[in-house]
1. Taking R0 as 35 Å, what's the FRET efficiency between D320 and E146 from their Cβ-Cβ distance, rounded to 0.05?
2. If you take every residue apart from D379 with its C-beta less than 14 Å away from the C-beta of D379, what net charge results, scoring Lys and Arg +1 and Asp and Glu -1?
3. So how do I389, I372, I121 line up by other beta-carbon neighbours within 10 Å, fewest first?
4. What FRET efficiency comes out for the pair A130/H327, r = Cβ-Cβ distance, R0 = 41 Å, nearest 0.05?
5. Counting only other residues whose beta carbon sits under 13 Å from that of L79, what net charge do I get with K and R as +1, D and E as -1?
6. Starting from the Cα-Cα distance between R385 and E74, subtract it from 0.36 nm times their residue separation and give me the gain in nm to one decimal.
7. Estimate the FRET efficiency between R430 and K268 by the formula 1/(1 + (r/R0)^6), using the beta-carbon distance for r and 30 Å for R0, to the nearest 0.05.
8. Can you tell me which of 126-133, 80-87 comes out highest on packing, and rank the rest after it, using the mean Cβ neighbours within 10 Å?
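Where a number appears in this text, it was derived from the coordinates with a stated rule and is not lab data. What you see is a predicted model; the values in this text were computed from it and never measured. Cβ placement follows ideal geometry from the backbone for every residue including glycine, while neighbour counts extend to all protein chains displayed.
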Amino acid sequence: MWGSERVTNVLPRPRLGAAAKRAKPGGAPPRPNTKHAGQGKPPAAKLEKLGRKERKELERARKMRRNKNFGLIEEVVALWEEARRHDVTPAKRSKLVAAILGKVQGHVAELAGSHSASRVIQTCAKYGTAEERASILRELEPKLLELSKSPYGHFVVSKLVALAPKQQLPGLLKAFRGHLGELLRHPAGSHVVDDLYAGRLAGWLGLQRAGVAAWGVPASSGRRRQRNLMAAEFYGREYVLFESGTLNNSDGTPAHLSDLMSRVDGAKQRSIIQHMSKDLIPIMEKGLVDCPLVHRLVSEFMEFSPASVVADAADNLCGDPLLHMVHTKEGVKAVCMALAYGTAKDRKKALKCMKGHVDAMARDEWGHLALITALSVVDDTTLLRKTVIVDLQKDLAELAEHRYSYRVLMQLLHPDCGRYLPPQLAAIARP
């Protein structure tokens, strides 16, 4: 019975501290933990007794232990602070840039990924001579792919892409060959691909006039063929492993996907679409759709994919990515297909994202086509009134006289009338 039982050890067991747990059975005192002695931050009580100068010296010593290039970074940043001033003469700036490059020689690849040092390298590339830029590129060339995915290093790569002379472009392109899909899936790397695909168009054309073959393309090839070459990596492994695929044009350049699909059988078509989906679906899911190359690839992918795949792509596009794609021809083509073939839920999500941006889209050369498609395929008139019509009414007089936005108003007054929309634009707005 409960009354006859003896109650013993009613107090809770004491918790052993770290020192007691380390104690040996023989009763010897525990050894002090000196594993992190001399490392890390000192106790708060000790910091309070230190003056401002002592604290700064202590912080600097800790940074020196963590970063072997900290002393070098301090030196070049001091020179950079003077070189980047607007009142510095070009001659003095050139001397400062030469001094910086002399100090960082052999360490450029290590410093390019640092927060402060990457800005120093960018300034040297901007104000340095052609020989100095070439020396920077030689050191960074083995690390270009790695730096393109760095939060700070990709700015250095973009600067080199923007400033590279025509003769250096083939080397830059060769460094990224076979890795475009990997870069487009990365937030930093996608900006580098954007600079290569759209930012250096003038450089591409100048390269052709100079008679230099870029990335295996003959110098006589046009800008469209060079863009096809970058896009071809997403069509199949053969374009990644070899300089020329088995389905190229007669001049050795990759064909546009529409031409390519018309020349192959059904099995090869499915293989191409499957290879594209492997790279494009993660890109759309992450919302990394700013690059015009992505706009083109998504448009081609949705055009030749089966209905179930298009529906999945529409689910990813009918959101914030939509606003990043409507300003290009290929991008708005993909958006119009997403609106036309998506579900009612997808269209509702797209209209909610458009709210507040309707005026800018209506005045855009390509963005107004997305509004025309939305007015044509959305059945929920209440939702249209709250998201689109209200924004159009705010500046109705100016929109009626604008060269693009008047077409949106005519879609409301006379839906799907061919008199107000050229056939080539109607093919985009009504997929």
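1. Here the calculated transfer efficiency is 0.75.
2. That works out to +2.
3. I389, I372, I121
4. 0.75
5. So the surrounding residues net to +3.
6. Length gained between R385 and E74: 106.1 nm.
7. With a Förster radius of 30 Å, E is 0.50.
8. Highest mean packing first, the order is 126-133, 80-87.
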